[in-house]
Amino acid sequence: MRILVVEDEQDLREAICEGLEMDGYAVDCIDDGFQAYEMISVEEYDLVILDLNLPGMDGMEVLEKVRPSFPDLKILILSARSSVSDKVKGLDGGADDYLAKPFHFEELEARIRTLLRKKYSAPLSIIDLCGIRLDLSKRTASVQGAILPLTRKEFGILEYFMLNPEAVISQENLIEHVWNADVNSFSGAVRVHISSLRKKLRAVLGDDPIETRIGEGYIFHCPPESDLDDIKNNDLTGKQDSGR
Ligand code: CA
């Protein structure tokens, strides 16, 4: 998931960005309203955290300008303007959520998860698919109770696949949603991460849920039922089951 943080207070911006990067999001961080408008127009974000008092262009103006062109973009206003009328104005202006400063980082994280779940219509913070369990709040993947050790990028790719099962996903989609703008992304990087993710999935599932569509990209889908039964019969949990 890719997030744009627009905040002109340097310490706060750095703290938010570092925290979200630790959570595994691809994060771009800027301090200017006009730049925010430009970035949102050309990049593909899943969510924007938008301060209101900004140099360049006020956050409300950014919101008004981008909302008509990007109806699906989740926008969370994070502002020191904390009166009820400010919140009403922000939400009526098209923001999906409004968090007043000061705030607890855990609350910001929870609100981000909620907005991203809505975007991809996943009702819970846990996705169970093809024998893989993805915990979006703990940022962990597991199979039959055993944690699958994934890098942040691999987790990001798997998360995007599992939120969009059966959909054709191009390398561009993955670069847009899993990488940030700093990375000089090229398709080779995507292939390297996908290849190592596949190796790990195949080791625990016995099958590869990621199909390559030549010239199009990838599709994540579950192996046939019989294969799922095989997964259940495999002793993947190891030590955890030894007491039975
Ligand atoms: Ca500000």
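Mind running the shape call on the stretch 103-147? Use the C-alpha gyration tensor, a ≥ b ≥ c as the square roots of the eigenvalues: rounded below 1.5 for a/c, prolate if a/b tops b/c, oblate otherwise.
Values: a/c = 4.62, a/b = 1.68, b/c = 2.75.
Oblate, since a/c reaches 1.5 and b/c is not below a/b.
Setting aside same-chain residues fewer than 8 positions from Lys74, which lysines have a Cα under 20 Å from its Cα?
Of all the lysines, those that pass the test against Lys74 - Cα under 20 Å, at least 8 places apart if same chain - are Lys65, Lys87, Lys89, Lys101, Lys118, Lys119.
Given a 1.4 Å probe, how much area per residue of the chain is accessible, in Å²?
Numbers: 12020 Å² over 244 residues.
I get 49 Å² per residue for this part.
Heavy atoms only, probe 1.4 Å: what % of the accessible area of the chain goes to carbon and sulfur, would you let me know?
Working: 5920 of 12020 Å².
Its accessible area is 49 percent carbon and sulfur atoms.
So if I place +1 on the C-beta of Lys and Arg and -1 on the C-beta of Asp and Glu, and nothing else carries charge, what would the dipole magnitude of the chain be about its Cα centre? I want it in debye, nearest 20.
Values: 28 positive and 45 negative charges, 159 e Å.
Approximately 760 debye in magnitude.
The values are calculated or read from the model by the stated rules, or taken from the named source; none is laboratory data. Since this is a predicted model, take the numbers as computed values, not measurements. FYI the Cβ positions are ideal-geometry reconstructions off the backbone, even for glycines, and counts take in every protein chain you see. All accessible areas refer to the heavy atoms of the entire protein, side chains included, with ligands and DNA or RNA removed. Shrake-Rupley method; radii C 1.70, N 1.55, O 1.52, S 1.80 Å.
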